[in-house]
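Report on the structure given below.
The values are calculated or read from the model by the stated rules, or taken from the named source; none is laboratory data. Since we're looking at a predicted model, the values are computed, not measured. Because the Cβ atoms are built from the backbone with ideal geometry, glycine has one as well, and the counts that use them run over all protein chains shown. Keep in mind that these areas ignore ligands, DNA and RNA; they rest on the heavy atoms of the full protein, side chains included. Shrake-Rupley method; radii C 1.70, N 1.55, O 1.52, S 1.80 Å.
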Amino acid sequence: MEREKVLLTEEQIKRQLDFCKKVSALLEDRPNRLAKVETFGCQQNVADGQRMMGMLQEMGFGFTEDEKQADVIVINTCAIRDHAEQRIYGLLGALTHAKKAKPEQVICLCGCMAQQQRVADKVKNSYRHVDLVFGPQAMWKFPELLHGVYQRHRRIFSIEDEHGTIAEGLPVVREGNVKAWVSIMYGCNNFCSYCIVPYVRGRERSRDAAEVVKECRELIESGVKEITLLGQNVNSYGKDLPEEMDFADLLAKINEIPGDYLIRFMTSHPKDASRKLLETMARSEHVAKQLHLPVQSGNNRVLKEMNRRYTRESYLELVRYARELMPEIALTSDIIIGFPGETEAEAMDTVSLVEEVRYDALFTFIYSPRPGTPAAKMPDPFTRAEKQVWFDRLLDAQNRISAEKHASFVGQSLRVLIDGVEEDSRWNLSSRTTGGRLVHLSGEESLVGKYCRVKITDSNTWAMFGEVEEILG
Ligand code: SF4
C-alpha cells in the first residue's frame, strides 16, 4: 500500500486535536469530568489504551477506576480467545447499572473485538446502553467520534474495514516513568490460520525509524529505564518503508542513544527472525538478552496447518544460534495445545520441544476457535477434556524447567531494574533481571526506577527472591 495513504497528515491529526477542544467546550458545565479506560489483552492494546487516555486528557478528563463516577467509560477489548470475549459481554451487561444511575454517561467499546461486524451487530441489538463502537483502525479519530456522540445524541458504530493508518503526534498518558511501550509497527500480514489479528488490525505498516528513535530518545532523556518496542511481528519491520531498513537496523539505531536503559521487544515471528537480528542483539549493549519467540507447536504438520511457515528444525536452529551468540539469553514462547485435528502424539511433540529448548517461561493456551478464521472451520475431533490432559503435561514440564532455572541462580549476584511496589509485606518490591526474570525484594520504595545488584537467596517456579547488595543508579 502506498505510504501516503498510510501515514496520516499533520492536518488530519490537528483536526482530531481540534475535536478534543470541541468536546471540552461541549462539556464545560462539567469541569470535574472523569473517564475510566479499561484495557484487556496484549501490550499493543495497552499502548492503544494509553493513547486514548492521552486524547481524553486533552478533552479535559481526569481518570477514575470507579465506573459509577465516570462520565466516559472506554472498554478496550481483546479478540484472541472466546473467554475474553464472553467476559466483555458480562462487563457490558453489568454497566447497565452504572448507566441507569448516571444516564448522561457515555460507554465506548473499542479494540480488536469491536472491529468485528458480528460483535457490532450484537452490541447494536442487545447492549443498547453502549454509545460508541470502534475498532483499532479508527482509534486515531476517537475525539471526532466522541464529539459526534455528544453533539448528535446518537449511537455511533465505526468499524469500516479501512486501510490501516499510522498516526504520529497523538497525545499519550504513560503509566509510571520507569518503563514505556513504543509501537514500531501496526497490523500483521501473516494470517496464521487460528488468528483474528490480521482481520481486525489491518496490514503491516511501519512507523518511520526517525519517529521511533525520536520517541525513544525523549523517553530515555526523561528518565525511562526500559522501553519495550511493540509490533505484532516486529521482524517484518521496515518492509514497507521507502528506505533500506529492517528491525535489526532499527535496534542498532536506538542502541546508539546515550544513557542507562534497556530495550526489549515483542513479538518476534520465527519465520522472520534473522541471524542478523540475533547478531545485532548480541553486540548491542542496551538490547536485553531476552527473546520472546512464539513457537506455537513442535510438530511440523500442525505448524503447516497453522500456516506458521517454519519448521521445528528451523526453529531449533534459531534457538541454537541465539544461545551460541548469547549463552545467557532468556527465551520465552507462546504455545497452543489442541489445535483442530492435533493428535496426542503431535501435542507431545510440543512437550518434547519444550524439554529440548528449556524455555524460561511460557504463555500456554488451549485452542479457542475464532469465528472468521480458517482454523475455526477445521474438523476438531478431540474433546476439551482430552486437550486438558495434554495441556497439563505441558504445564508440568514447563513448571519443572522454570523451577530448575530459577534455582540455578540462587547464590548469584544479578543486575535488576526495580520496577514496582507490591502489597506483600515481606517482599514489597518487584524487579526484573536483564533477561526479564522476576525477582522479589524487600527495601525502600525510593529504589523504584533504580538499577541494583541483588543477591538471589531463594526461588520457586514463578520467581526468584533476593537482597539488594548495591544500588547502581
Ligand atoms: S503472526 Fe500470526 S499469530 Fe501473530 S498476529 Fe500475525 S497472524 Fe496472528
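Points to keep in mind about this one:
- Single unsatisfied condition, residue 233 versus (1) at pLDDT 95 or above; (2) polar (S, T, N, Q); (3) within 16 Å of the ligand (Cβ to nearest atom): (1)
- In the stretch 213-230, residue nearest to the ligand (Cβ to nearest atom) [restricted to those that are without any contact (Cβ under 8 Å) to a residue 40 or more places away in the chain and within 19 Å of residue 175 (Cα to Cα)]: 215
- All positions within the stretch 334-373 that are farther than 30 Å from residue 200 by Cβ, of a type in the set (A, V, I, L, M, F, W, C) and open to solvent by 30 Å² or more (accessible area, probe 1.4 Å): 345, 348
- 3 or more residues open to solvent by 10 Å² or more (accessible area, probe 1.4 Å), modelled with pLDDT of 95 or more and of a type in the set (A, V, I, L, M, F, W, C): qualifying helices (runs of 4 or more DSSP H) within the stretch 248-333: 312-325
- Search result, residues across the stretch 159-212 that are within 16 Å of the ligand (Cβ to nearest atom) and either assigned by TED's automatic domain parsing to the domain that holds residue 449 or within 23 Å of residue 223 (Cβ to Cβ) (or both): 183, 184
- Exclusive hit being at positive phi and surrounded by 20 or more Cβ atoms within 10 Å (Cβ to Cβ), set 111, 135, 169: 111
- In the stretch 278-306, residue farthest from the ligand (Cβ to nearest atom) [restricted to those that are touching a residue at least 40 places away in the same chain (Cβ under 8 Å) and out of contact with any helix residue (DSSP H, G or I) (no Cβ under 8 Å at 6 or more places or on another chain)]: 288
- Residues of the stretch 334-360 that are part of a loop (DSSP other than H, G, I, E, B) and touching a strand residue (DSSP E or B) at 6+ places or on another chain (Cβ under 7 Å): 338, 359, 360.
- Matching residues in the stretch 381-399 - criterion: being surrounded by 14 or more Cβ atoms within 10 Å (Cβ to Cβ) and of a type in the set (S, T, N, Q): 398, 399
- Residues satisfying the stated conditions in the stretch 422-470, i.e. modelled with pLDDT under 95 and in a strand (DSSP E or B): none
- Test: residue 22 is open to solvent by 50 Å² or more (accessible area, probe 1.4 Å), without any contact (Cβ under 8 Å) to a residue 12 or more places away in the chain, farther than 24 Å from residue 67 by Cβ and in a helix (DSSP H, G or I): no
- Residues of the stretch 58-87 satisfying the condition of being in a loop (DSSP other than H, G, I, E, B) and of a type in the set (Asp, Glu): 65, 66, 67, 71
- The numbered conditions (1) away from the ligand (no atom under 16 Å from the Cβ); (2) modelled with pLDDT under 95; (3) buried (at least 22 other Cβ atoms within 10 Å of the Cβ) are all true for residue 242 except (3).
- Subset of the stretch 4-40 (residues that are in contact with a strand residue (DSSP E or B) (Cβ under 9 Å, 6 or more places away or on another chain) and of a type outside the set (D, E, K, R)): 6, 7, 8, 32, 34, 35, 37, 39, 40
- Matching residues in the stretch 409-441 - criterion: being crowded, with 16+ Cβ neighbours inside 10 Å and hydroxyl-bearing (Ser, Thr, Tyr): 430, 431, 433, 434
- Comparison of 102, 36, 14 shows that the only residue that is free of Cβ contacts under 8 Å to residues at least 40 places away in the same chain and open to solvent by 50 Å² or more (accessible area, probe 1.4 Å) is 14.
- In the set (1) in contact with an Asp or Glu (Cβ under 7 Å, 6 or more places away or on another chain); (2) under 28 Å from residue 10 (Cα atoms), residue 106 fails one condition alone, (2).
- Hey, residue 97 closer than 25 Å to residue 20 by Cα and either open to solvent by 10 Å² or more (accessible area, probe 1.4 Å) or not basic (Lys, Arg) (or both) or not: no
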